[in-house]
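Here the structure is laid out as structure tokens; the discussion comes afterwards.
Throughout, read-outs are computed from the coordinates displayed, never taken from laboratory work. Everything numeric here is computed off the predicted structure, so don't read it as measured data. When we count neighbours, we look across all protein chains shown, and the Cβ atoms used for this are built from the backbone with ideal geometry, even at glycine.
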Amino acid sequence: MNNKPLALITGASRKIGIGSAIAIELSKNGWDIAITYWGNYDKSMPWGSNTDDIQFLEDEIKKNGSNFYSIEANLSDTSTPKFIFDSIEEKVGNISALILSHCYSVDSCILTTTVDNFDLHFDINTRASWLLIKEFAERFKYQKKPGRIIALTSDHTAFNLPYGASKGALDRIVLAAAEELRDKRILANVINPGANDTGWMDNDFKQIVKKHTFQDRVGTPKDTANLISFLCSDSGEWINGQLICSDGGVRW
């Protein structure tokens, strides 16, 4: 019988992405893994959609001796969070950690953002995150370890207005969860990973980021995965209700 805890990681569709790095790192540390992804979003982005990335992730997770389950999920639909949890509980088991690493991000500013685009950012980045947290809290079964909620945020605002605004609202929801869900023994934290090299940086921008860190390098998905692995460990149980900047000490 497999007694490993189960982590649900949203937005883990890309081999080079933060979600995949988190999944691999947690599996190395004794977690079974369930992920969500949305191919249509990836197709609309410059990097495109590569179904081989999901197979790569499954192979890596199983290589680490952990179970793996993936589900394609449109988080702009309000019925999707319940569908995700129903599917995972039926196929794998009860979820002990909810890692919110999904996002919708299309650049626009105060003058160019449309109502529809603004709403879609909030539908996916904010409302879906709230509904996923709600499902997790209602279903969480405390045993010997507290549950975990960890969300990835951003300090983008100017010229990425709806993304930054929706992430700011996400922060408040997760920090509220730390207070509201303490009787359920659920810990909740937010991580701002700063500028991570997930394939979108050109060389000029990498040089700018490197110039403003203390270690002369850009952030990587592994950096965020390491922190989340710590927060999900016994050693990280004392950290709760925090917004943690893990950006290499960037000072612009």
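Could you work out how far the C-alpha centroid of segment 139-215 sits from that of segment 1-80, in angstrom? Here the answer is 17 Å between Cα centres.
Sequence-distant contacts, meaning Cα pairs under 8 Å at least 6 residues apart, place the relative contact order of segment 6-245 at 21 percent.
Classify segment 95-229 as rounded, prolate or oblate, taking a ≥ b ≥ c as the square roots of the eigenvalues of its Cα gyration tensor: rounded when a/c is under 1.5, otherwise prolate if a/b is larger than b/c and oblate if not. Oblate is the answer for segment 95-229, as a/c is 1.5 or above yet b/c matches or exceeds a/b.
For segment 1-105, the fraction of C-alpha pairs farther apart than 21 angstrom is 28 percent. Set against the 2.2 N^0.38 Å expectation for a compact globular protein, segment 57-140 has a Cα radius of gyration ratio of 1.31. What is the chain by shape, rounded, prolate or oblate, if you read a ≥ b ≥ c off the alpha carbon gyration tensor as root eigenvalues and call it rounded for a/c under 1.5, prolate for a/b larger than b/c, and oblate otherwise? Note, shape of the chain comes out rounded. Place a point 7 Å from the Cα of T157 along the Cα-to-Cβ direction; which residues of segment 180-197 have their backbone N under 19 Å from it? It comes to 191-195, nothing else. Here's the picture: charge each Lys and Arg Cβ at +1 and each Asp and Glu Cβ at -1 in the chain, and of N240, S154, S44 the one pushed furthest to the positive end of that dipole is N240. Sites listed here are chymotrypsin sites (Phe, Trp or Tyr not before Pro) in segment 157-249 whose DSSP assignment is loop and whose Cβ has at most 15 other Cβ atoms within 10 Å: F159, W200, F214, W238. Based on DSSP H segments of at least four residues, each scored -39500 (n - 2.57), the chain has a per-residue ellipticity at 222 nm of -12000 deg cm²/dmol.
By the scheme Lys and Arg +1, Asp and Glu -1, what is the net charge of all other residues having a beta-carbon under 13 Å from that of T224? Here the charged neighbours net out to -3. Springs between alpha-carbon pairs under 10 angstrom, Gaussian network model over the chain: which of V218, V115, V174 fluctuates most? Between V218, V115, V174, it is V115 that shows the largest mean-square fluctuation. Placing +1 on the Cβ of every Lys and Arg and -1 on the Cβ of every Asp and Glu, with no other charges, gives the chain a dipole of roughly 680 debye about its Cα centre. Partners of K91 within straight-line reach, counting lysines whose Cα lies under 26 Å from its Cα and excluding those fewer than 8 residues away in the same chain: K4, K15, K28, K62, K63, K82, K134, K141, K144, K145, K184.
Helices that extend 20 Å or more along their long axis by alpha-carbon positions and average at least -0.5 on the Kyte-Doolittle scale are, among the DSSP H runs of the chain, 161-180.
Which of the trypsin sites (Lys or Arg not before Pro) found in segment 139-186 are loop residues per DSSP with 13 or fewer other Cβ atoms within 10 Å of their Cβ?
Within segment 139-186, the qualifying trypsin sites (Lys or Arg not before Pro) (loop, at most 13 other Cβ atoms within 10 Å) are K141, K144, R185.
Taking the chain as a Gaussian network, where each spring joins two C-alpha atoms under 10 Å apart, which residue of S154, S166, S49 fluctuates the most? Of S154, S166, S49, the most mobile in the Gaussian network model is S49. Ordering F136, S76, S13 by the projection of their Cα atoms onto the charge dipole of the chain, which places +1 on the Cβ of Lys and Arg and -1 on the Cβ of Asp and Glu, puts F136 at the extreme positive end.
Charge tally for L243 (other residues, Cβ to Cβ under 13 Å; Lys, Arg +1; Asp, Glu -1): -1.
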